[in-house]
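The values are calculated or read from the model by the stated rules, or taken from the named source; none is laboratory data. What you are looking at is a predicted structure, and each value in this text was computed from that prediction instead of being measured. Note that we place each Cβ from the backbone using ideal geometry, even for glycine, and neighbour counts take in every protein chain shown.
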Amino acid sequence: MLKRIHHVAIICSDYAASKNFYVNILGLKIVQEVYRVERKSYKLDLSVGGLYQIELFSFVNPPERASGPEARGLRHLAFEVDDVAAVAAELNAKGVLTEDVRVDEHTGNKFTFFTDPDGLPLEIYQS
């Protein structure tokens with residue numbers, strides 16, 4: 001029935017800061033950017049490794065949402081990487097704080113967490 005995840009939608013509070021973070025810091029590629037006048041809203045489509053897409057939205061005064069990794073609902077968004085330590089070091093050099101690198105006790109793979117400008121928990125997970 002379901003083939004794969006098509007996209008992940010993220011609503012941000014500061015469009016310019018979030019666009020900079022996802023494009024210039026994380027290196028995602030812009031597929032399309034539109035401004036929807038009737039909604040006073042940007043929609044930015046981003047490619048992740050050419051496979052999946054993130055839709056970044058801006059809305060006027062979006063409500064707060066609990067976003068801690070242990071909060072009910074969507075737990076976090078994880079990106080697959082070749083080397084967690086190297087990517088974490090690159091993020092740290094760009095001013096993004098990451099948690100200590102941990103090892104998944106079931107798979108033996110390394111991972112760590114960081115947040116986007118709105119505090120959305122993000123993970124890098126070593127393939």
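In segment 21-68, the residue that is farthest from ARG4 (Cα to Cα) out of those that are polar (S, T, N, Q) and exposed (fewer than 13 other Cβ atoms within 10 Å of the Cβ) is ASN61. Looking across segment 1-42 at every residue that is of a type in the set (Lys, Arg) and modelled with pLDDT under 95, the one that is farthest from PRO117 (Cα to Cα) is identified as LYS3.
Of all residues in segment 1-27, those that are over 22 Å from ARG65 (Cα atoms) have Cβ atoms under 6 Å from Cβ atoms of residues that are charged (D, E, K, R), 6 or more apart or on another chain, in ILE25/LYS94.
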